[in-house]
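Colleague: The structure follows.
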């Protein structure tokens, strides 16, 4: 597929000239640092003395050191719950709000609000909601005659942070799905209605197939976000001096490097994260070729 | 994008590390030195005064102060050190000192100290210990902390419990905490008897272990001792307070009170250092302090200092040392005492009205008297990782998710591994 006009003659020169700053930025900034991280991941480096070659020890420690393995498992568990959660719920919200109801604008704004609010501030509010003795949620549960739940205790903490993260991501997902939904011509639904298809049939036979590109895109974004999720999780589960009861890989990278003088190990963790995300991306693109419908 | 930001920082550090390393020039004429520290606006104000006083006494030296919050401070400092352009003078937390000293980024102050033999004669010797290395001192303390018992007088009086005294034992603490715990009709605890943060050793558990005759780490820093029988008794004791008496909130509940149930008016006692006083002086209840309780081996508390070091790459080491010398002198120490965050290291100032008669009317003398039975918070290379291994490892115990003894049994080998790695 090709779009637009091809640059010719002098235009080509200006095209490259104007892109140079970005390309240099990408080469040195993004690509350079990826290469540097890759190299550092094979060294023992404390930042203050010169790095020494460490072979694959940093990679072995990814799975041997509990301080690095636990965050990896947490991140994978988190992603496994978060990605489907965000995609399904934001799709449902988008379908619900894709109609000419009175006040639909207010509802859409409401769902989008978390996306433009400081995550730290909202996480602190969630902390008040989740409190075991003083929380609003338990207050309501007890009013209903149900037992109080320790939402942020170890057994439930993961579920609780997944809920908050999904809540925070619905807005953005909804926007993407709404854009996809409005692009579906109304005539399809009208034709289906004449043929006698009910709402459910219309949803699965028309809506879902036609917004597979949005679903694909949203799954991609949600996966990347899942592996980089940090702010809500940290604020909700932090303990004492910079510890977290649900440490995730990004959190562990930060601590490993800046608190434990282990920049080599932290680099290996960054590579590990990249490998997981890249692997999933490859899988998604394989799925895309088979299932995604572009009109 | 955070990963990429991180990657970016790492890469730029690597590039920066290959860069400059200039030779220190002898300082004549006016010089400007940079000084970096962690702190809040109130501390910055006092340090600006100290720096202004210093400039008046040494018109040739101007000090530029740069203050960050605790977390950004260390990140910024490490970045500057690795780029070879550290601040001339920067603040150091004693337990982390060897992590820097052992990596050769600090200036040995011993030659300067040898030329000024009387400089430290009035400084509390307990606060100097942390900075000593086989080839001299690479840093100087500026102020210190001893941990004491804080108690809510209103809660004690309402419950008719006698105030803590210097003769209190841990058993007295426990029984008072029990009487001060209130449970509502719905079975919820509305008031706890005691709270101390169990993550870091400084607030309660090192004191408890020392008072019971145990220790936290071997003197050569190769072996973690928190699983020895005497230490285990103490862990069990604290664990029972939390889960049998329920007079000590779990760390999950403590977070609901902003991490400090004492300040929130939800716990009747806590053990913490002098740094808590400015915050506590805003509390709506009346409170006072008492020395740490006694254990089987008598009383014990922890002493820890904050200090200053000079970057090895400093271009003005002489001026930097002049400033350090001024920081431990009476005028600067008096200003620090008035700030009220910590105890001055200079005995003459600590024992003067500047420290003893501060605006919060408590017996400040208790912080000084506690030195008599204070143990130094351990200082060794790898401290941060070691203490995090223990703090993080034990954390599930204090939320109620893990059993005490099996957790200890897995945490100790992990902590020992960190020690071996940092040898």
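The values are calculated or read from the model by the stated rules, or taken from the named source; none is laboratory data. Nothing here was measured: the structure is a model prediction, and the numbers come from that model. A quick note on method: Cβ atoms are made from the backbone with ideal geometry, for glycine too, and the neighbour counts reach across all protein chains shown.
Colleague: Just a yes or no: is a residue in segment A:164-171 buried (at least 17 other Cβ atoms within 10 Å of the Cβ) and modelled with pLDDT under 90? Before you say what the answer is, go through the steps one by one.
Modeller: Pass one, segment A:164-171, residues buried (at least 17 other Cβ atoms within 10 Å of the Cβ): A:164-171.
Applying the additional criterion that residues be modelled with pLDDT under 90 yields none.
Scanning segment A:164-171, I find no residue that is buried (at least 17 other Cβ atoms within 10 Å of the Cβ) and modelled with pLDDT under 90, so the answer is no.
Colleague: Just need a number here: residues in segment B:142-161 that are more than 24 Å from residue B:297 (Cβ to Cβ) and either without any contact (Cβ under 8 Å) to a residue 24 or more places away in the chain or touching a helix residue (DSSP H, G or I) at 6+ places or on another chain (Cβ under 9 Å) (or both).
Modeller: Total meeting the criteria: 10.
Colleague: Select from segment B:102-130 the residues that are in a helix (DSSP H, G or I), surrounded by fewer than 22 Cβ atoms within 10 Å (Cβ to Cβ) and either within 20 Å of the chain's Cα centre (by Cα) or not assigned by TED's automatic domain parsing to the domain that holds residue B:345 (or both) and list them in ascending order.
Modeller: Within segment B:102-130, B:125, B:126, B:128, B:129 meet the criteria.
Colleague: Give all pairs with beta carbons closer than 7 Å in which a residue from segment A:14-25 that is part of a helix (DSSP H, G or I) meets a residue that is surrounded by 10 or more Cβ atoms within 10 Å (Cβ to Cβ); count only pairs at least 6 apart in sequence or on separate chains.
Modeller: Matching pairs, first to second residue: A:15/A:7.
Colleague: A follow-up question, please. Output yes when any residue across segment A:256-270 is away from every other protein chain (no Cβ under 11 Å), more than 21 Å from residue B:74 (Cα to Cα) and surrounded by fewer than 17 Cβ atoms within 10 Å (Cβ to Cβ), and no when none is.
Modeller: Scanning segment A:256-270, I find no residue that is away from every other protein chain (no Cβ under 11 Å), more than 21 Å from residue B:74 (Cα to Cα) and surrounded by fewer than 17 Cβ atoms within 10 Å (Cβ to Cβ), so the answer is no.
Colleague: Restricted to segment B:166-198, and to residues that are out of contact with any strand residue (DSSP E or B) (no Cβ under 7 Å at 6 or more places or on another chain), surrounded by 15 or more Cβ atoms within 10 Å (Cβ to Cβ) and over 22 Å from residue B:154 (Cβ atoms), which residue is nearest to the other protein chains (Cβ to nearest Cβ)?
Modeller: That would be B:197.
Colleague: Of the residues B:227, B:258, which single one is in a loop (DSSP other than H, G, I, E, B) and either within 23 Å of residue B:352 (Cα to Cα) or under 22 Å from the mean Cα position of the chain (by Cα) (or both)?
Modeller: Going through B:227, B:258 in turn, the sole match is B:258.
Colleague: Across segment B:378-388, which residue is surrounded by the fewest Cβ atoms within 10 Å (Cβ to Cβ) among those that are in a helix (DSSP H, G or I) and in contact with a strand residue (DSSP E or B) (Cβ under 9 Å, 6 or more places away or on another chain)?
Modeller: Selected residue: B:388.
Colleague: Just checking, which of B:279, B:307 is without any contact (Cβ under 8 Å) to a residue 40 or more places away in the chain and not in a loop (DSSP other than H, G, I, E, B)?
Modeller: Numbers: B:307 fails: without any contact (Cβ under 8 Å) to a residue 40 or more places away in the chain.
When all the criteria are applied, what remains is B:279.
Colleague: Next question. Could you tell me whether residue A:215 is facing chain B (nearest Cβ under 9 Å), at pLDDT 90 or above and in contact with a helix residue (DSSP H, G or I) (Cβ under 9 Å, 6 or more places away or on another chain)? Break it down into steps so the answer makes sense when it comes.
Modeller: On the way: facing chain B (nearest Cβ under 9 Å): no; at pLDDT 90 or above: yes; in contact with a helix residue (DSSP H, G or I) (Cβ under 9 Å, 6 or more places away or on another chain): yes.
Considered against the rule, which asks whether it is facing chain B (nearest Cβ under 9 Å), at pLDDT 90 or above and in contact with a helix residue (DSSP H, G or I) (Cβ under 9 Å, 6 or more places away or on another chain), residue A:215 comes out as no.
Colleague: For segment B:199-209: of the residues being assigned to a helix (DSSP H, G or I) and out of contact with any strand residue (DSSP E or B) (no Cβ under 8 Å at 6 or more places or on another chain), which is surrounded by the fewest Cβ atoms within 10 Å (Cβ to Cβ)?
Modeller: Ranking the qualifying residues of segment B:199-209, first place goes to B:205.
Colleague: Take the residues in segment B:241-259 that are touching a residue at least 40 places away in the same chain (Cβ under 8 Å) and surrounded by fewer than 18 Cβ atoms within 10 Å (Cβ to Cβ), then tell me which one is farthest from the other protein chains (Cβ to nearest Cβ).
Modeller: B:245
Colleague: Another question about this same structure. For segment A:99-144, name all the residues that are surrounded by 17 or more Cβ atoms within 10 Å (Cβ to Cβ) and free of Cβ contacts under 8 Å to residues at least 24 places away in the same chain.
Modeller: Result: A:131, A:132, A:133, A:135, A:137, A:138.
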